[in-house]
Amino acid sequence: MLCAIPVEILIRELDGVLYQALHLARRGMPTLVGDRMVNTYIRSTDRPLIYFDSDQHVPTNRHVLDCGGVVLNVNSEGQGLVDDPPEMQANFAAIIEHATKICLWGEKQRDIMTRLVPADRAGDLPVTGHPSFDLVAERFLGYYRNEAITGEHGEDYILVNTSFGMFNHEMGFDYYVKMLSRMEEWKVYTDPEHLRTLKVRCAHQERTALAMIELCRMLARTYPERHIIIRPHPAENADYYRSRTADHANIFVSKQWSAREWISSAAAVIHHDCTTGLEATLMGKLVLQYEPYEDIEGSATLMTSIGHRATSPQEALGRIAEGGMPEATSRALRERLAPYLENVNRCASETIADLAAGYGEGRGTWVPEPLGMWDTAKCWRKYLSKRLRAHQPGRNGRKVRYALNKFSRLRKEEVVRRLDGLRSAEPGLPEVSVRQLCLNTFLISPE
């Protein structure tokens, strides 16, 4: 059967999606990969396929199921599920009514979801891990190495990853909540109690962000010959950090390139409660979890347990001076992660590909064709319109820039380069062909 995987945030999701597509190809299954046009392709046909759902869009899921297809929900926010308030956990669990399976990061997440779904659906919650985290291993360091980064910043830079997208959202907190609340699948954002929870989280994020900025300033003074890189979450407003660190020539704020490209050549990685702390740990890096306040209400508690905890700039400086992460510490962190992330034990992409292959066994497949000239022109017109509107002043331009930052332009050459890189890091992966169907949308097929 044809598989279809939409990508929302390009720099965060693409590598894991391509790695998953290679494992599907090994089982003889082609995969449709790309931006929102993937969903347009899906809704324009009544032929069955296997849809990898990540954004819980009920109309698309229902269409796939009604056409005899399969919906595998593979949520990219599995670590947040552990800390989410009850109303948000219930919102995630509700997708079981519109999915064949919900693939969960770990046993802890399954324990939560089992209490929330109907008893007869408890068997539809496989623990698989997440494909993206198959790649956070030392053998993929070369895949993520970016010569543009090392050429400008060397390999002794200190990377500070922030994840304060609630209070420091690119569009502003109020607009962000309003935008989400208009979506049927996120009506939880209209709930007064949930909004109160979010505002508590915002306040905690703001004071923690300010403390991390002060840490960066001290690092810049202590290590004037080294670069301090602040990499905000893709949803954050980078200017918040630039305006507060502009007086330090060795502090750089960048949302360019993926977090893993920055992690791969960093000497040390500092986070508060960001998933990048987990990624850096599994990639064998020195990781510091910066906790300037005892009260961590509003933080992702699993992530706040990842890395050497530092509660002051002086303590952080001491940890950096010590150098790498001891093997015993790394091993203990992996053991702590295992109940929350099945990738520590096995390859998620293989597990999910086997699951998909089981549903596709004995069923024919079909492959979509490239768009015609008129539909292709409409795609380009829409894209070029976004590029022009991104230059507008105020919120309108900021909204378009936010969308383009999530998924701007993906060329076939880049898809092929990344697939070749993955096969180089893991030689057993199969050869595939790549066919561009339209702007930002590709068919990856086994050869």
Worksheet item: If you take the residues in the stretch 330-375 that are surrounded by fewer than 18 Cβ atoms within 10 Å (Cβ to Cβ), under 27 Å from the mean Cα position of the chain (by Cα) and small (Gly, Ala, Ser), which one is modelled with the lowest pLDDT?
Response: Ser330
Worksheet entry | All positions within the stretch 352-389 that are under 25 Å from Ser54 (Cβ atoms), among the hydroxyl-bearing types (Ser, Thr, Tyr) and in contact with a strand residue (DSSP E or B) (Cβ under 8 Å, 6 or more places away or on another chain) | Tyr359
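Within the stretch 218-243, how many residues are of a type in the set (D, E, K, R) and in a loop (DSSP other than H, G, I, E, B)? Walk me through it before giving the result.
We begin by selecting, within the stretch 218-243, every residue of a type in the set (D, E, K, R); these are 221, 225-226, 231, 236, 239, 242.
If we keep only those that are in a loop (DSSP other than H, G, I, E, B) as well, we get 225-226.
Residues in the stretch 218-243 being of a type in the set (D, E, K, R) and in a loop (DSSP other than H, G, I, E, B): 2 in total.
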Worksheet, complete the sentence: In the stretch 163-203, residues that are surrounded by 15 or more Cβ atoms within 10 Å (Cβ to Cβ), closer than 19 Å to Pro86 by Cβ and either aliphatic (A, V, I, L, M) or in contact (Cβ under 8 Å) with a residue 24 or more places away in the chain (or both) total 10
Practice prompt. Answer yes if at least one residue in the stretch 30-42 is among the aliphatic types (A, V, I, L, M), more than 28 Å from Lys187 (Cα to Cα), touching a Cys at 6+ places or on another chain (Cβ under 9 Å) and part of a loop (DSSP other than H, G, I, E, B), and no otherwise.
Written response: no
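Just checking, how many residues over the stretch 76-95 are modelled with pLDDT of 85 or more and either of a type in the set (Phe, Trp, Tyr) or out of contact with any strand residue (DSSP E or B) (no Cβ under 6 Å at 6 or more places or on another chain) (or both)?
So the first thing to find is which residues in the stretch 76-95 are modelled with pLDDT of 85 or more, and the list is 89-90, 92-95.
Remaining after also requiring either of a type in the set (Phe, Trp, Tyr) or out of contact with any strand residue (DSSP E or B) (no Cβ under 6 Å at 6 or more places or on another chain) (or both): 89-90, 92-94.
Residues meeting the conditions: 5.
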Worksheet item: In the stretch 252-282, what residues are closer than 22 Å to Phe167 by Cα and modelled with pLDDT of 95 or more?
Response: Phe252, Val253, Ser254, Ile270, His271
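Count, please, the residues in the stretch 60-93 that happen to be without any contact (Cβ under 8 Å) to a residue 12 or more places away in the chain and of a type outside the set (Asp, Glu).
Residues meeting the conditions: 1.
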Worksheet item: How many residues, within the stretch 414-447, are in contact (Cβ under 8 Å) with a residue 40 or more places away in the chain and in a helix (DSSP H, G or I)?
Response: 8
Fill in: Filter pass, Ser408 being small (Gly, Ala, Ser), within 24 Å of the chain's Cα centre (by Cα), closer than 25 Å to Ser258 by Cβ and not in a loop (DSSP other than H, G, I, E, B)
no
Fill in: Residues within the stretch 112-142 that are exposed (fewer than 14 other Cβ atoms within 10 Å of the Cβ) and not in a helix (DSSP H, G or I), tallied
2
Worksheet, complete the sentence: Going through the stretch 4-21 in order, the residues found to be touching a Pro at 6+ places or on another chain (Cβ under 8 Å) and farther than 14 Å from Leu443 by Cβ are Ile9, Ile11, Arg12, Gly16, Tyr19, Gln20
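Would you please name the residue that is surrounded by the fewest Cβ atoms within 10 Å (Cβ to Cβ), looking only at residues in the stretch 249-269 that are touching a residue at least 40 places away in the same chain (Cβ under 8 Å) and within 13 Å of Glu152 (Cα to Cα)?
Filtering the stretch 249-269 down to residues touching a residue at least 40 places away in the same chain (Cβ under 8 Å) leaves 252, 255, 257-269.
Now drop any that are not within 13 Å of Glu152 (Cα to Cα), which leaves 252, 262, 265-266.
Values: Phe252: 17, Trp262: 24, Ser265: 20, Ala266: 25.
The extreme case among them is Phe252.
Output yes when any residue across the stretch 105-119 is under 19 Å from Ala21 (Cα atoms), touching a residue at least 40 places away in the same chain (Cβ under 8 Å) and touching a Leu at 6+ places or on another chain (Cβ under 8 Å), and no when none is. Can you show your working first?
First, pick out the residues of the stretch 105-119 that are under 19 Å from Ala21 (Cα atoms): 105.
Narrowing further to those that are touching a residue at least 40 places away in the same chain (Cβ under 8 Å): 105.
Subsequent filtering for residues that are touching a Leu at 6+ places or on another chain (Cβ under 8 Å) retains 105.
Looking for residues that are under 19 Å from Ala21 (Cα atoms), touching a residue at least 40 places away in the same chain (Cβ under 8 Å) and touching a Leu at 6+ places or on another chain (Cβ under 8 Å), one finds at least one in the stretch 105-119, hence yes.
The values are calculated or read from the model by the stated rules, or taken from the named source; none is laboratory data. All of these numbers come straight from a predicted model, not from anything done at the bench. A quick note on method: Cβ atoms are made from the backbone with ideal geometry, for glycine too, and the neighbour counts reach across all protein chains shown.
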